[in-house]
1. Of all residues in segment 20-44, count the ones that are modelled with pLDDT of 90 or more and not in a helix (DSSP H, G or I).
2. Can you name the residue in segment 21-63 that is within 21 Å of the chain's Cα centre (by Cα) and closer than 18 Å to residue 9 by Cβ and, of all such residues, is surrounded by the fewest Cβ atoms within 10 Å (Cβ to Cβ)?
3. Please verify whether segment 68-84 includes one or more residues that are touching a strand residue (DSSP E or B) at 6+ places or on another chain (Cβ under 9 Å) and more than 30 Å from residue 29 (Cα to Cα).
4. Given the criteria surrounded by 13 or more Cβ atoms within 10 Å (Cβ to Cβ), without any contact (Cβ under 8 Å) to a residue 24 or more places away in the chain and farther than 27 Å from residue 24 by Cα, does residue 126 qualify?
5. Report, by residue number, each residue of segment 129-155 that is surrounded by 15 or more Cβ atoms within 10 Å (Cβ to Cβ) and touching a residue at least 24 places away in the same chain (Cβ under 8 Å).
6. Which one is nearest to the chain's Cα centre (by Cα), of the residues in segment 64-90 that are surrounded by fewer than 12 Cβ atoms within 10 Å (Cβ to Cβ), farther than 19 Å from residue 22 by Cβ and free of Cβ contacts under 8 Å to residues at least 12 places away in the same chain?
């Protein structure tokens, strides 16, 4: 029996398109064993929480381990075909955050900020990227709050014109 288990572990470890750590593969193998034992005992498939409890490991670790042994799927893998149109995985995966428009806007913003003076860059970074108040910025760079406000306004106007 130990030899068979060793061969199964070796097979799972060595025959995959992606290299996954041995400990993660072992956890996945133990999860599969625990799943089978649970199914024999309860006549149903366990959920992740039950599986993690049976293995006495955090549920995140079980999820990572089981995901690690799944075969990767091509983005061009057909999911549906009705004769004329084929729907691929790529068509089902959407990313509303990283659209072309957002990428272009980020590039334009970065270029506009790069064209500011070092002092203006620092004020913009402290105010909008670190969330500091004008008073906190004024104290840090040793100028008045009114000067921070004036420099910030000028920098924002410059950025708007650049974009």
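The values are calculated or read from the model by the stated rules, or taken from the named source; none is laboratory data. Just so you know, these numbers come straight off a predicted model, no measurement behind them. Glycine also receives a Cβ, built like all others from the backbone with ideal geometry; neighbour counts cover every protein chain displayed.
1. Adding up the residues that qualify gives 2.
2. 21
3. Just the residues of segment 68-84 that are touching a strand residue (DSSP E or B) at 6+ places or on another chain (Cβ under 9 Å), to begin with: 74-81.
Those still in the list that are more than 30 Å from residue 29 (Cα to Cα) too: 80-81.
Yes: one or more hits.
4. Details: surrounded by 13 or more Cβ atoms within 10 Å (Cβ to Cβ): yes; without any contact (Cβ under 8 Å) to a residue 24 or more places away in the chain: yes; farther than 27 Å from residue 24 by Cα: yes.
Against the criterion (surrounded by 13 or more Cβ atoms within 10 Å (Cβ to Cβ), without any contact (Cβ under 8 Å) to a residue 24 or more places away in the chain and farther than 27 Å from residue 24 by Cα), residue 126 qualifies.
5. 148, 151, 152, 155
6. 78
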